[in-house]
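Read the structure below first, then the notes.
The values are calculated or read from the model by the stated rules, or taken from the named source; none is laboratory data. This is a predicted model, so every value here is computed, not measured. Cβ atoms come from the backbone with ideal geometry, glycine included; neighbour counts cover every protein chain shown. Note: areas computed on protein heavy atoms with side chains; ligands, DNA, RNA excluded. Shrake-Rupley method; radii C 1.70, N 1.55, O 1.52, S 1.80 Å.
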Amino acid sequence: MQNVKSIQIYREQLGLSQAELGDRLGVTRQTIAAWEKAEREPSVAQLMRIAKALNIGIDLLINQEKDNFDTGLLFRADRPSALTPHLQAALSQKASNYEFIEQLVREIPTLPEMRPLKEYIPDFVEEVAREIRDWLGVGEISPLGDVLAILESKGLKIILYPLPSEVSGFSAYNEDSGATIFINANHYPERKFFTALHELAHLIFHRQEYRIARDSKVKGTDPRESTANHFAGSVMLPADAIKRELSAYRDRWIPEPLLADIKKRYAVSMRTVLYRAFQIGLISKKQQGQQIGILNKKYGKDDELPHLPEPEHLTRLERLVYQALINEEITTSRAAEILGKPFVDVRNSLSKWLEEIES
């Protein structure tokens, strides 16, 4: 029997209405409603199309019991309540597919060494951030550019997935498969980049929390979040870089056009520039709050202009999947399932990639 109620859960996870899912499947809204109420049962062929439209494996819609959510992958979430059992199951399935491909093409995942930290110690965070930039192979003050591509080049598993709008990302870890960072696919590039480094910070400083239950109730500012946010900002904008850019504006108002220019060159939000300017003592806490308040009033708390362009490159997972296809270790249909793409798109993307390699 099919777990038809989960259709609604995964549909709402993607923010789709019944009509929108119906459009993707070529059926009416009433048909979707009937499936979700268990008044009608989709055929096997329809079930496969539903899973594809929802970007999940078909097994998450069949014979799904509570115990099936336990995959052995240990998650950490800044907002544990957002990591529902169904969302955890979907993300675990994505991570499992990624691990399968890594093993198939004999790729070894990597992760920086653990640096346990319970409290928020700014100087120590800055020191580790410098070490991570060195590990990533970037200069002391040069812009990182596409953070996701740089992290993937080191062997980190990063998965873009449409999460609830208020959630930036999650991360997961176990001893066998290493770490996986999940990032909201619907967010703008600058936020994706920051989220990736924020989750990397948790994997470096708070890896022990992936083994034990986390107490999400912390009075006042959570030192773990302060640590992760500071780390992300300092990796993207090292202290020497922000001093070079803004030393002439010490204790002065920083013009928005200048903030926007730094944003474009360093692939970092204007708010992060202001936080970094305060952290290294160029501006006061009051001025930081005032300037961020103006940005919030102008653009809203979760937005700002200009937006960075979306990176155009193959992800590490795509490259590994295409390598497995070339080696005839998986079928194109299996590749499409793992990548969550239509069969035709996978074939066309593979052909384009091969042409680029040959040229």
Being part of a loop (DSSP other than H, G, I, E, B) and not small (Gly, Ala, Ser) is the filter here; which residues of region 270-297 pass it? Ile280, Leu282, Ile283
Output for Cβ contacts, cut-off 9 Å, separation at least six or different chains, first residue part of a loop (DSSP other than H, G, I, E, B) in region 100-112, second open to solvent by less than 80 Å² (accessible area, probe 1.4 Å) and of a type in the set (Val, Ile, Thr), reads Val105/Val321; Glu107/Ile101; Pro109/Thr180; Leu111/Ile204; Pro112/Val128; Pro112/Ile132; Pro112/Ile204
Given the condition in contact with a Gly (Cβ under 7 Å, 6 or more places away or on another chain), of a type outside the set (Ser, Thr, Tyr) and without any contact (Cβ under 8 Å) to a residue 60 or more places away in the chain, answer yes or no: does some residue in region 122-135 qualify? no
Within region 260-286, which residues are out of contact with any Pro (no Cβ under 8 Å at 6 or more places or on another chain) and at positive phi? Gly281
Within region 309-334, take every residue that is closer than 22 Å to Lys154 by Cβ and among the hydroxyl-bearing types (Ser, Thr, Tyr) and give me the one that is farthest from the chain's Cα centre (by Cα). Tyr322
Of Ile357, Ile330, Ile338, Ile292, the only residue that is in contact with a Lys or Arg (Cβ under 9 Å, 6 or more places away or on another chain) and under 21 Å from Glu107 (Cα atoms) is Ile338
Look through Asp67, Asp23 and report the one residue that is open to solvent by 100 Å² or more (accessible area, probe 1.4 Å), modelled with pLDDT under 90 and not aliphatic (A, V, I, L, M). Asp67
Residues of region 70-99 satisfying the condition of being open to solvent by 70 Å² or more (accessible area, probe 1.4 Å) and in a helix (DSSP H, G or I): Ser81, Pro85
